[in-house]
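Below: the structure, in C-alpha cells.
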Amino acid sequence: MRIKKFVAAALAVTMGLLVLVGCTETMADVEQEAQETQETQEDADEVVVADVDYDWANFTIDPSLIPQEKLDTTVYLAVSVRGLENPYYITIVDGVEMFTAFLDSIGQQYELQLLDSGGSNDVEINNMRQFLARAGENAIIYADANESATVPALASAVEGAGALLATVWNRPEDVGPDAFNDNWVIHTTADNQTAGRETAIALFESMGGEGQVFVVEGMLGNTAAIDRLVGFEEALEQFPGIEVAAQGTANWDTSEALRLVETWLTATPDVGGIWCANDSMATGALQALTARGLEGTVGVTGIDANEDIVEAVKNGLVVATYSSNAYAQGSFSFAVLYAVWAGLIEIDELPSEFRDFFTVGILVLEGNAEEYMGTAPDFDFTRIFDFKAD
Amino acid sequence: MAKVKQTQMTITEEFAAKVKLEYKREKLMKWAPVLVLVGMIVIFAIQLGAAFISPLNIVSILNQWSIPLIVALGLTFVIMIGSIDLSIDGSVGMTGSIAAVLVLNSQNSNNLGVWGLVIAILCGVFVGFIIGLIHVKLKIPSFMVSFAFMNICAGIGLLSYGGRPPTIQDEWLVALPRASFIGIPVLVWIAIFIMFICLYIQECTPFGRHIYAVGTDETIPRSVGINVDRVKVMVFTLAGFCFGVAGVVGAIRLGQGQIAIGTNLMFPAQAAVVIGGTSLSGGKGGVVNTIVGTLIMTVLFNGLTMMNVSGNVKNGIQGVIILVAVALTVKRGAAIISK
C-alpha cells in the first residue's frame, strides 16, 4: 500500500513538473511569435507604400504565366466551416466547386476537402492541423472561423506549415491579415451593417414610413448580429414614424423566432413589420404570421437570401432579404489564394485594402427575386478582386 | 409479557406517526410545482394585465407548450427508470427532417402524404428501440448510448435534406398549423392526445407499474419474474415514439424540415421533468408532474417575452426559477438518497 502511495506521489510530482516545463516553452513560443509578428508588420508597411500605384482592382490571372511545374503539383483546397446544417454553407461549397471547375479548365491538379468543426473551436483547430500535416505548403484554406478568437490560432498554424489562409466574417478587432503574417492572405466580410440598413429601409418603405415593428436579433454578442442591428438602428433614425414594439434575440433559430413572434403578436396584434437579422428567423416569423392569417399583410425582412425566403420575396410574402453572395465569398477567396500560391502575386506587394475588405452583396426585392433565383452566377475567376465592394 | 407488548405498540405507533408525517411532507412537496406555476401566472397576470390571459395568448402558450410537452413526456418514463436520454436534439430534428422530405416539398418529388409522417415517426421509434437495446444488451450507460445517437441522428437528418431545408407544400399539412378544434389548435390536440396515452400507460397498464418498480429498485421486479430488460427497452422505444411525434409536429408547425427543429429541446425538457418533481434517481414522479413542469417553463418564457425582458436577463431569470422549483422539491430526492 505504502509503496503504491509513494509511486503515485512521485508520478504526480513528475507530471506537475512536466506541465510547468510545457508552459514555459509555450510562453517562450508566444513571445517569439509576437516578436516575429511585429517584424512582419513593419515589413508589410514598407512595401505597401512602395506599390500604391498598381491597379489591383483589375488584377487578372493569366493562366499562361503559371509554370507547368505548379500546374502538375496538387494544390489542396480546404473549406473550414461551422457545420453543414446551414444552407448558407452549402452555397459556399457550391461556389467553391465552380472555382474547382475553373482549376480543371486550366489544367491545375487539386484536391478539395471540407472541414466541419461542428461549432467547436478545438475541433476547428485540430481539423486544420491535421489537414496541414498532410497538405503542407500546398494547402490553401478558406476558413469561416467559429469565433473571432480562434482566427489567430488558425493563422499561426497555417504559418507554421507555410500554407495560405483566407478568412471570412469573424476576426479579432485588432488583428488583420496584413499585420499578422504573410500566410494569412485575406480577410473578407459581407457588409453586415449595409445589409441591416438596406433591409430595414426596404421594410419601413413598404410600411409607408409609419407603424410598429418587431426586431428579431441574432445571437447576442455575435459580430454579425451586432453589425446588422447597428444597420437597422441607422435606418430607424431616418424614419421617425417607425416605433419598435418589441425586440429580442432568437439565436439565429427558426423555432425560437416562431415562439418569439407568436408571443409578441398577442401583445401587439397590429404590428406593421418584422425585421429579422437572418432568413432562418424570418422563416419562423413568417410561419407565426401564417398561423394568424397575417402573411402578406405584415412585412417581413431577413438577411442571407435562403432559398425559401427568396421564394417568399418573389410571392410577395416577404419584403426583402440581402444576399451576402455566398457563391462568390468562398470561390473568389480561393482565386486570390491560388494567385498567391501560383506565384502570380507577391504577397508583400498586395496593399492592405486588398487584404481586408467588404464583399459585394445583393438586396433581393420582389422585382429582382426571380432573376436572383433563376440565374446561377457565372463568375470570371481570372478577375480575382471582382467580389470586392468599392 | 405485557410490557413487551406495550413496547411493540409504541414502535408501531411511532412508525405510523412517522409515515403520516412523511406522507404529509410529501404531499406538500407534491404541490410545490403547482404552487410555483400558479404563483407565476398570478404575477404575470398582475404585471401584464388582460393581454396575458387573453384567449390569443393562451392559444400561443398552448402552441409553445405542445412540442416541449411531447418531448418531456417521452423523457419522463426514461427518467422514471433512473436512466437518461440525451438523443432528443438529434432524434427530434431527424424525424422532422425526414417527415418534410417524404411529404410534398420544395426539394424533391416525394409525395407520401400521411405515410411520410408515419414513416418519420417509425424512424423515431426505431432509434429509441435501438438505444434501449444497446443500453440493455451491451450494458452501456444510457447517457452514452443516447448521446452517440444524438450525433448519429443529427447526421442522418442533415443528409436527408442535403443541407437545403425542404419547405412543406402538401396543402393540408400547410393548413394544419392554422386549423383548430373548439378554439384549440389541432397541433395542441395532438400533444394532448399523446399526454392521455402516456397517462393511460402509466396509470392503467402493468407496464406502467413495472416502470415504477424498475425505477425504485430493479432487483425487486426481477425477483418476481418481471423482464426488467424488456421494460427498459420498451421505455426507450416509447420515448423514441414521443420524439418522433414531436419532430413531425415541429416540422408541420415550422412548415419546414430542418435539423434545428430539435435544437435546444433537450435541457429544457430535462429541466421541465425535474421541476415537475420527477426524481432523477428514478421511481418517483410521472406524467402529471411533467405536465406541470413543461407548463412552468412555457408560461415563464411567454410571460418574460411579453414583458420584453432582454435575452440575457431572461436566461438568468429562467435559471433562478428552475433553481427555486428544484429546491422546493429537493427534500423528496434527499429521502430517496438516504434510504
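Computed from the coordinates by the stated procedures, all read-outs in this text should not be read as laboratory data. Note that the structure is predicted; figures quoted are calculated from it, not measured. Cβ: placed from backbone, ideal geometry, glycine included. Neighbour counts: every protein chain shown.
Some observations on this one:
- Positions within segment B:44-61 being in contact with a helix residue (DSSP H, G or I) (Cβ under 6 Å, 6 or more places away or on another chain), surrounded by fewer than 15 Cβ atoms within 10 Å (Cβ to Cβ) and more than 11 Å from chain A (Cβ to nearest Cβ), in sequence order: B:ALA45
- Every residue from segment B:153-179 that is under 20 Å from B:PRO68 (Cα atoms) and out of contact with any helix residue (DSSP H, G or I) (no Cβ under 6 Å at 6 or more places or on another chain): none
- Positions within segment A:189-221 being surrounded by 19 or more Cβ atoms within 10 Å (Cβ to Cβ) and free of Cβ contacts under 8 Å to residues at least 12 places away in the same chain, in sequence order: none
- Of everything in segment A:244-275 that is away from chain B (no Cβ under 13 Å) and not in a loop (DSSP other than H, G, I, E, B), the residue that is surrounded by the fewest Cβ atoms within 10 Å (Cβ to Cβ) is A:GLY273.
Quick grid of which residues meet (1) small (Gly, Ala, Ser); (2) farther than 20 Å from A:SER333 by Cα:
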site: A:VAL96; (1), (2): no, no
site: A:ALA101; (1), (2): yes, no
site: A:SER105; (1), (2): yes, no
site: A:GLN108; (1), (2): no, no
site: A:GLN113; (1), (2): no, no
site: A:ASP116; (1), (2): no, no
site: A:GLY119; (1), (2): yes, yes
site: A:LEU132; (1), (2): no, no
site: A:TYR142; (1), (2): no, no
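- Just one of the listed residues (A:SER255, A:SER331, A:SER323) is closer than 30 Å to A:LEU165 by Cα, of a type in the set (Gly, Ala, Ser) and free of Cβ contacts under 8 Å to residues at least 60 places away in the same chain, and it is A:SER323.
- Residue identified as part of a loop (DSSP other than H, G, I, E, B), away from chain A (no Cβ under 14 Å) and closer than 26 Å to B:PHE181 by Cβ among B:LEU37, B:LEU86, B:LEU112: B:LEU112
- Taken over segment A:276-304, the criterion of being farther than 14 Å from A:GLY196 by Cβ and more than 12 Å from chain B (Cβ to nearest Cβ) is satisfied by A:GLY296, A:THR297, A:VAL298, A:GLY299, A:VAL300.
- Looking across segment A:287-305, the residues that are in contact with a helix residue (DSSP H, G or I) (Cβ under 6 Å, 6 or more places away or on another chain) and either among the small types (Gly, Ala, Ser) or not in a loop (DSSP other than H, G, I, E, B) (or both) come down to A:GLN287, A:ALA288, A:ALA291, A:GLU295, A:VAL298, A:GLY299, A:VAL300, A:THR301, A:GLY302.
- Criterion: farther than 30 Å from A:GLN68 by Cα, of a type in the set (A, V, I, L, M, F, W, C) and not in a loop (DSSP other than H, G, I, E, B) - qualifying residue of A:ALA179, A:ALA166: A:ALA179
- Residue in segment B:95-102 that is outside any helix (DSSP H, G or I) and among the β-branched types (Val, Ile, Thr) present: no
- Residue list for segment B:153-191, filter: assigned to a helix (DSSP H, G or I), touching a strand residue (DSSP E or B) at 6+ places or on another chain (Cβ under 9 Å) and loosely packed, with under 15 Cβ neighbours inside 10 Å: B:ARG178
- Segment B:225-267, residues that are at positive phi, touching a residue at least 24 places away in the same chain (Cβ under 8 Å) and surrounded by fewer than 23 Cβ atoms within 10 Å (Cβ to Cβ): B:ASN264
- Screening the candidates B:ILE220, B:ILE211 for the property of being surrounded by fewer than 17 Cβ atoms within 10 Å (Cβ to Cβ), away from chain A (no Cβ under 11 Å), aliphatic (A, V, I, L, M) and not in a loop (DSSP other than H, G, I, E, B) yields one hit, B:ILE220.
- The lone exception for A:GLN329 - which of (1) over 18 Å from A:TYR89 (Cα atoms); (2) buried (at least 24 other Cβ atoms within 10 Å of the Cβ); (3) away from chain B (no Cβ under 11 Å) it fails: (1)
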